[in-house]
Amino acid sequence: MQTTKIPATIVTGFLGSGKTTLMRHILEQAQGLRVAVIVNEFGELGIDGEILKTCAIGCAEEGAEPGQIYELANGCMCCTVQEEFFPVMKALAERRNDIDVLLIETSGLALPKPLVQAFQWPEIASVFTVDSVVTVVDTPAAAAGQFAHDPQAVDAQRKDDPNLDHDASLHELFEDQLSAADLVVLSKADLVTPEQLAQVRAMVAEEVPAEVKMIEAVQGSVPLSVLLGQQRAAEQHIDARHSNHDHDEDHDHDEFDSLFIDLGAVDRDRLMQALQAIVQKHAVLRVKGFVALPGKKMRLLVQGVGRRFDAYFDRAWREDEKAATRLVFIGKGLNAEVLQQELHTALA
């Protein structure tokens with residue numbers, strides 16, 4: 001039984017920055033490491049379906065749904081993920097003895113900070129730790145001041161993503177990707193002049209802490225000894241990293257409110273609708289807890305950051321515990337009586 005936590009490396013950067021090339025380089029040079037991979041689009045890594053060895057968790061090789069996990073002929077596991085992050089992480093946790101490293105490629109518009117913060121949640125923190133956040137910078141694009149190789153493609157990606165809940169400029173997203181970085185990879189370094197490279201280095205240095213290192217890369221070629229094994233435990237200090245998308249409440253230093261609300265068995269759909277309404281109306285940053293559903297023997301686990309929620313069954317109710325609902329709301333200026341009344345009204 002493996003007792004040490006599985007190190008997760010998160011690779012972030014804009015569409016076209018070189019994330020996928022870097023990911024492919026890691027897999028090609030893994031040298032026997034058993035690597036689990038989470039990507040947004042399975043085909044992006046260039047892994048042909050014919051090399052799939054087996055389907056690890058009840059999926060078909062063709063036409064598989066997002067969130068399913070494949071075992072590859074080289075011993076790696078790969079899954080696509082959209083809104084399935086927590087179920088996928090739970091499935092990987094159940095196979096922890098098969099995994100040496102977890103590799104996560106974010107979409108080009110993803111904010112890395114909330115993803116790193118998700119590793120603070122007990123169900124994930126007990127198995128995984130964020131070894132590092134690697135931010136890939138498109139060096140020629142950054143030197144030109146447009147940050148992405150094809151800004152129009154990034155805008156199209158933004159419009160095509162129905163789950164995107166932020167509308168920031170490329171510069172703001174660039175800053176946020178750097179703010180979470182433990183290592184910055186300056187990709188396509190062979191396509192700029194020494195002066196342009198120095199300019200980009202100076203620009204990045206203004207956005208990252210002094211201890212964050214920068215390394216240049218051509219065709220994603222970075223030694224594994226540099227990329228993996230950084231042991232940053234990034235989830236433990238990510239809250240202190242500034243982001244353009246931090247709530248305004250984060251900028252003063254008052255304590256956040258943390259409220260517990262207890263309920264009986266509730267309807268799942270009504271509850272999720274009620275929680276969505278509450279986080280839009282009140283300054284709620286996070287929601288987490290467990291839920292009892294009428295007639296269900298399994299406990300439903302609910303996790304939410306901002307307006308994004310995940311809910312999945314984690315275990316059966318024990319005989320010695322009462323099947324009940326308990327939710328924790330974290331935010332600013334929260335009133336337990338008001339939230340409880342709104343929940344009761346919505347669930348009635």
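The values are calculated or read from the model by the stated rules, or taken from the named source; none is laboratory data. Because the structure is predicted, anything quoted here is derived from the model rather than measured. Cβ sites come from the backbone with ideal geometry, for glycine too, and all protein chains shown count toward neighbours. Note: accessible area is taken over every heavy atom of the protein model, side chains too, but ligands, DNA and RNA are not part of it. Shrake-Rupley method; radii C 1.70, N 1.55, O 1.52, S 1.80 Å.
What about S258, is it surrounded by fewer than 16 Cβ atoms within 10 Å (Cβ to Cβ), modelled with pLDDT under 90 and among the hydroxyl-bearing types (S, T, Y)? Full working, then the answer.
Values: surrounded by fewer than 16 Cβ atoms within 10 Å (Cβ to Cβ): yes; modelled with pLDDT under 90: yes; among the hydroxyl-bearing types (S, T, Y): yes.
Considered against the rule, which asks whether it is surrounded by fewer than 16 Cβ atoms within 10 Å (Cβ to Cβ), modelled with pLDDT under 90 and among the hydroxyl-bearing types (S, T, Y), S258 comes out as yes.
Among the residues of segment 79-99 satisfying the criterion of being part of a loop (DSSP other than H, G, I, E, B) and either buried (at least 18 other Cβ atoms within 10 Å of the Cβ) or among the hydrophobic types (A, V, I, L, M, F, W, C) (or both), which is modelled with the highest pLDDT?
Here is the first cut: in segment 79-99, the ones part of a loop (DSSP other than H, G, I, E, B) are 81-84, 95, 99.
Filter again for either buried (at least 18 other Cβ atoms within 10 Å of the Cβ) or among the hydrophobic types (A, V, I, L, M, F, W, C) (or both), leaving 81, 84, 99.
Details: V81: 52, E84: 60, I99: 90.
My answer is I99.
Check Q280 against each of (1) surrounded by 12 or more Cβ atoms within 10 Å (Cβ to Cβ); (2) under 30 Å from P112 (Cβ atoms) and name the one condition it does not meet.
Here Q280 meets the rest and fails (1).
For segment 109-129, give me each residue that is under 30 Å from T193 (Cα atoms) and open to solvent by less than 20 Å² (accessible area, probe 1.4 Å).
L109, P112
Considering only segment 315-334, state which residues are in contact (Cβ under 8 Å) with a residue 40 or more places away in the chain and either over 16 Å from G295 (Cα atoms) or outside any strand (DSSP E or B) (or both).
We begin by selecting, within segment 315-334, every residue in contact (Cβ under 8 Å) with a residue 40 or more places away in the chain; these are 323-334.
Passing the criteria: A323, A324, R326, L327, V328, F329, I330, G331, K332, G333, L334.
For residues that are acidic (D, E), open to solvent by 30 Å² or more (accessible area, probe 1.4 Å) and either at pLDDT below 70 or closer than 23 Å to V226 by Cβ (or both), tally how many sit in segment 159-184. Give the derivation first.
First pass over segment 159-184, keeping only residues acidic (D, E): 160-161, 165, 167, 172, 175-176, 182.
Next, from what is left, pick out any that are open to solvent by 30 Å² or more (accessible area, probe 1.4 Å): 160-161, 165, 167, 172, 175.
Now drop any that are not either at pLDDT below 70 or closer than 23 Å to V226 by Cβ (or both), which leaves 160-161, 165, 167.
Final tally of qualifying residues: 4.
May I ask you to list pairs of residues, at least six apart or on different chains, whose Cβ atoms are under 7 Å apart, with the first in segment 168-195 being of a type in the set (K, R) and the second being open to solvent by 10 Å² or more (accessible area, probe 1.4 Å) and part of a helix (DSSP H, G or I)?
Here the result reads K188/P140, each pair linking segment 168-195 to a residue that is open to solvent by 10 Å² or more (accessible area, probe 1.4 Å) and part of a helix (DSSP H, G or I).
Taking segment 207-239 only, how many residues are over 17 Å from the mean Cα position of the chain (by Cα), outside any loop (DSSP other than H, G, I, E, B) and surrounded by fewer than 20 Cβ atoms within 10 Å (Cβ to Cβ)? I'd like the intermediate steps shown before the answer.
The first filter runs over segment 207-239 and keeps only residues over 17 Å from the mean Cα position of the chain (by Cα), leaving 207-231.
Going one step further and asking which of them are outside any loop (DSSP other than H, G, I, E, B), we end up with 213-216, 224-227.
Filter again for surrounded by fewer than 20 Cβ atoms within 10 Å (Cβ to Cβ), leaving 213-216, 224-226.
Qualifying residue count for the region: 7.
Any chance segment 130-144 includes a residue that's closer than 28 Å to I6 by Cα, surrounded by fewer than 18 Cβ atoms within 10 Å (Cβ to Cβ) and at pLDDT 90 or above? Please lay out each step first, then the result.
Initial filter on segment 130-144 (closer than 28 Å to I6 by Cα): 130-137.
Add one more test, that the residue is surrounded by fewer than 18 Cβ atoms within 10 Å (Cβ to Cβ), and what stays is none.
No: zero hits.
Could you please give the count of residues in segment 185-205 that are open to solvent by less than 20 Å² (accessible area, probe 1.4 Å) and either β-branched (V, I, T) or not in a helix (DSSP H, G or I) (or both)? Spell out the reasoning first.
Of the residues in segment 185-205, the ones open to solvent by less than 20 Å² (accessible area, probe 1.4 Å) are 185-187, 189, 200, 204.
Filter again for either β-branched (V, I, T) or not in a helix (DSSP H, G or I) (or both), leaving 185-187, 200, 204.
Residues flagged as open to solvent by less than 20 Å² (accessible area, probe 1.4 Å) and either β-branched (V, I, T) or not in a helix (DSSP H, G or I) (or both) within segment 185-205 amount to 5.
How many residues are surrounded by fewer than 18 Cβ atoms within 10 Å (Cβ to Cβ) and assigned to a strand (DSSP E or B) when one looks only at segment 293-308?
2
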